[in-house]
Amino acid sequence: MKPVKETKTAIQAIETTRLGRASRRIRLQTIVWLRWLAVAGQSATILFVALGLHFPLPLLACSLLIAALALANLFLTARFPPTYRLEPWEATLLLAFDLLQLTALIYITGGLSNPFAPLICVQVIIAFASQPLRHSLILLAFAVICSTAIAFSPFPVPWYPGETLPIQLLLHVGTWFAIIATTSFAAFYAYRVSHEANQLADALAATELVLEREKHLSQLDGLAAAAAHELGTPLATISVVAKEMERELGNDERLGEDIALLRSQSERCRDILRRLTSLSADSEEHMRRLPLSSLLDEVMAPYREFGIELELIEKNNRVDEPVGIRNAGIIYGLGNLIENGVDYARTKVTVTAAYDAQTVKVAIEDDGPGYAYDILARIGEPYMTERHNDARAGGLGLGLFIAKTLLERSGATVTFENRGVTDSGARITIVWPRALMDDKSH
């Protein structure tokens, strides 16, 4: 087990998933369907106002603007396949076009007096939920310009024939501020929700990669035994043929030495395969089932050479000790938490194990600076990167998230806390139901 390399593997995994986010770019088909929804909504509204309410309306201009959006949609549908995914700049241009079309429609139907003016925020929200921040901010700035432009619309809002709906200047200004505030707040909210969802998805993907790697490593012993078994028969055939050739040609000056070498090397290969097979047979049960004390010894062993004292305290003295099936997730999760304690400890990390008939409990304590109280409640979320201000206080976040996720998948409850007022340092407590850590099949 090589903890430093394992941590780097997790970081590389998250970077890979971040790069892979390009495959989750917004589909053109999504924009097309949203546009058709806009075309239907705008058409229904215009027809209801003009034919249902009989309000005077620039029907031709409105129809041309709606037709422009529909024609653009038809062009995109014919030009690109439904599965095409938009580059950020392409998505930004399409959303800007939609915003411009909507702005023009609102401009000729009353500007800020139009009750549908707040719809300007829709394209901005879509951008912040699906596009990079830089492109989204560009669209937000464009939306502010559009909101300002409709404030100067000379066209009256459609109203009863012969009547003009009076709108006070102060109400215009208030509406403008409301649109800007709504757009900004909704955009920020959409960005935060989308960003956290992407972070969580990336971190979970990294967790799966780490767990699969741990499972792969734990299976190598079985694979070695299988390889030894499969190679045994052809190697035995080679050995028999080599013996026959040595018997017939052993005194040959040209081939005798080569045949003797061939036979000796085949025997050496058989010895190697025999050792692999016996190693697997002797240690299979030990590798498959682990007492709690052996599990903790195995997890702690790689961190004893880091200059920090690492102590294991067993409360029960191995009386009626739980013996469970080897779990790669538990081994990696506990190792990551111990590594974190070693990184922040000043002199010592203590691992305490206790169990009874109902629960199995492992506590990991260090004498380092502890967790900053303002983020203690959020420890275990991905990308939390601080303890108390300390020169070594970086590097929390993804590792703790992966460890916490893997341990919780095994049925554990994981809590993070500081040791108290008198004792500095952090304490991580992991508690399993006894039934999940005790294999009763033997």
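Taking residues in the stretch 281-303 that are within 16 Å of residue 354 (Cα to Cα) and of a type in the set (Ser, Thr, Tyr), and partners anywhere that are buried (at least 18 other Cβ atoms within 10 Å of the Cβ) and at pLDDT below 85, not one pair has Cβ atoms closer than 7 Å while being at least 6 places apart or on different chains. The test for being at pLDDT 70 or above, surrounded by fewer than 17 Cβ atoms within 10 Å (Cβ to Cβ) and assigned to a loop (DSSP other than H, G, I, E, B) does not hold for residue 423.
Residue 159 meets the stated requirement of being in contact (Cβ under 8 Å) with a residue 40 or more places away in the chain, open to solvent by 50 Å² or more (accessible area, probe 1.4 Å) and within 30 Å of residue 47 (Cβ to Cβ). Screening 127, 117, 91 for residues that are touching a residue at least 60 places away in the same chain (Cβ under 8 Å), at negative phi and touching a Lys or Arg at 6+ places or on another chain (Cβ under 9 Å) leaves exactly one candidate, 91.
For residue 357, the criteria (1) open to solvent by 40 Å² or more (accessible area, probe 1.4 Å); (2) in contact with a strand residue (DSSP E or B) (Cβ under 6 Å, 6 or more places away or on another chain); (3) of a type in the set (Gly, Ala, Ser) hold in every case but one, which is (2).
Exactly one residue among 92, 77, 83, 103 is farther than 18 Å from residue 40 by Cα and outside any loop (DSSP other than H, G, I, E, B), and that residue is 92. Please work out which residue is nearest to residue 291 (Cα to Cα), limiting yourself to the stretch 428-442 and to residues that are over 26 Å from the mean Cα position of the chain (by Cα) and modelled with pLDDT of 85 or more. Once the filter is applied, the top-ranked residue is 437. Of all residues in the stretch 50-74, those that are touching a helix residue (DSSP H, G or I) at 6+ places or on another chain (Cβ under 6 Å) and under 24 Å from residue 29 (Cα atoms) total 5. Take residue 32 and decide whether it is part of a helix (DSSP H, G or I) and modelled with pLDDT of 95 or more. No; evaluated as a whole, the condition is false for this residue.
Here residue 312 does not qualify as open to solvent by less than 60 Å² (accessible area, probe 1.4 Å), at pLDDT below 85 and under 34 Å from the mean Cα position of the chain (by Cα). Determine whether residue 365 is under 30 Å from residue 197 (Cβ atoms) and in contact with a helix residue (DSSP H, G or I) (Cβ under 9 Å, 6 or more places away or on another chain). When the stated conditions are applied, residue 365 does not pass them. Picking from residues in the stretch 143-156 that are open to solvent by less than 60 Å² (accessible area, probe 1.4 Å) and more than 20 Å from residue 42 (Cβ to Cβ), the one that is nearest to the chain's Cα centre (by Cα) is 144. The residues on offer are 51, 74, and the sole one that is under 26 Å from residue 135 (Cβ atoms) and open to solvent by 30 Å² or more (accessible area, probe 1.4 Å) is 74. Is it fair to say residue 226 is at pLDDT 85 or above, among the small types (Gly, Ala, Ser), open to solvent by 40 Å² or more (accessible area, probe 1.4 Å) and part of a helix (DSSP H, G or I)? The answer is no for residue 226. When residue 413 is tested against the conditions (1) open to solvent by 70 Å² or more (accessible area, probe 1.4 Å); (2) modelled with pLDDT under 90, the lone failure is (2).
The values are calculated or read from the model by the stated rules, or taken from the named source; none is laboratory data. The structure displayed is predicted, hence computed values, not measured ones. Reconstructed Cβ throughout: ideal geometry from the backbone, glycine too, with neighbour counts over all protein chains shown. Heavy atoms of the whole protein, side chains included, go into the accessibility calculation; ligands, DNA and RNA do not. Shrake-Rupley method; radii C 1.70, N 1.55, O 1.52, S 1.80 Å.
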